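The values are calculated or read from the model by the stated rules, or taken from the named source; none is laboratory data. All of these numbers come straight from a predicted model, not from anything done at the bench. Cβ sites come from the backbone with ideal geometry, for glycine too, and all protein chains shown count toward neighbours.
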Amino acid sequence: MFYPLYSKEAGKAGVSFIEIQNPFNNLMFYLRITMFIGHFAVGLAAKSVKPTVSLGTYFLAVQFVDLLWPTLLLVGLERVSISPGITEMTPLDFEHYPITHSLIMTVVWAGLALLLFYLFKKDLKAALVVAACVASHWLLDFITHRPDLPLAFSDATRVGLGLWNNKILTIAVESLLFVIGLGLYLRSTRSSDKIGTYGFLGLIAFLVVIHISNIFGPPPPNVAAIAWAGHLQWIFVIWAYWVDAHRNVTWT
Ligand SMILES: [Zn+2]
């Protein structure tokens, strides 16, 4: 199948068509390659701070910039390339992504989340927790990424502690965070029906399968595959809204 993608090589027209041989493989690849399960761990844990907010909202918040990122890749505002071996954990070279991943824009996105959530729900504590979730994305990326996170719009200063250079340590840290997050979520909610039990189990199982498959796998065929498949992360947000509505909070 051929998909349009903005690229420099396409020249003034701005759009070229790139072939994606096996969309399903690419989808699985993308989900495991850029999905840091630690973000979801934060989303799960947030439930124990303010349980009245849906897990779907928390997943949307912690992953907000990674949900926006594939769209910006498609329109050519941000750039990534594939460079096998650049870190042990991912072959992605995040060349330019100030709108989604600069520190200054993180503050803007978190502020926007705070404002919007407060306007709609009139609950300041909930709005603060949601905004903190948005901001947590940069902090976790700062720990895991190589120094590719810009502080502002210029790429002059880029930071990152590079946990991804050590696969074993990354998996250990991610797993630990996820178990803690899951424990906190389970302590704060109780399923009210089968969807709340099995639907939730399915969501967790899917996240864990992707996490485990992080250990294996070849690099992606091209950037277009990443950009298109990246949008499928919305599945987790929708799934979380669905199952969370079938679980009662144990305290408020
Ligand atoms: Zn990110």
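Can you tell me how many residues within segment 167-200 are away from the ligand (no atom under 16 Å from the Cβ), part of a helix (DSSP H, G or I) and among the hydroxyl-bearing types (Ser, Thr, Tyr)? Walk me through it before giving the result.
Keep residues of segment 167-200 that are away from the ligand (no atom under 16 Å from the Cβ), which gives 167-169, 171-172, 175-176, 178-200.
Next, from what is left, pick out any that are part of a helix (DSSP H, G or I): 167-169, 171-172, 175-176, 178-188, 194-200.
Right, trim to among the hydroxyl-bearing types (Ser, Thr, Tyr) and you get 175, 185, 188, 197-198.
Number of matching residues: 5.
Going by the conditions given, is ILE204 under 16 Å from the mean Cα position of the chain (by Cα), in a helix (DSSP H, G or I), of a type outside the set (Gly, Ala, Ser) and at pLDDT below 95? So that I can check it myself, show each step before the final result.
Details: under 16 Å from the mean Cα position of the chain (by Cα): yes; in a helix (DSSP H, G or I): yes; of a type outside the set (Gly, Ala, Ser): yes; at pLDDT below 95: no.
No, not satisfied.
Scanning segment 106-116 for residues that are within 16 Å of the ligand (Cβ to nearest atom) and touching a residue at least 12 places away in the same chain (Cβ under 8 Å) yields a total of 5.
Rundown of residues vs (1) over 16 Å from VAL42 (Cβ atoms); (2) within 14 Å of the ligand (Cβ to nearest atom), yes/no style:
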| position | (1), (2) |
| --- | --- |
| PHE94 | yes, yes |
| TYR97 | yes, yes |
| LYS125 | yes, no |
| TRP138 | no, yes |
| LEU149 | yes, yes |
| GLY160 | yes, yes |
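Where helices (runs of 4 or more DSSP H) sit wholly within segment 69-166, those with at least 3 residues that are touching a helix residue (DSSP H, G or I) at 6+ places or on another chain (Cβ under 6 Å) and more than 29 Å from ASN222 (Cα to Cα) occupy 103-121, 124-144.
Taking LEU119 as the residue in question, decide whether it is within 13 Å of the ligand (Cβ to nearest atom), under 23 Å from PRO51 (Cβ atoms) and without any contact (Cβ under 8 Å) to a residue 12 or more places away in the chain. Break it down into steps so the answer makes sense when it comes.
Values: within 13 Å of the ligand (Cβ to nearest atom): no; under 23 Å from PRO51 (Cβ atoms): yes; without any contact (Cβ under 8 Å) to a residue 12 or more places away in the chain: yes.
Judged against the criteria, LEU119 is not a match.
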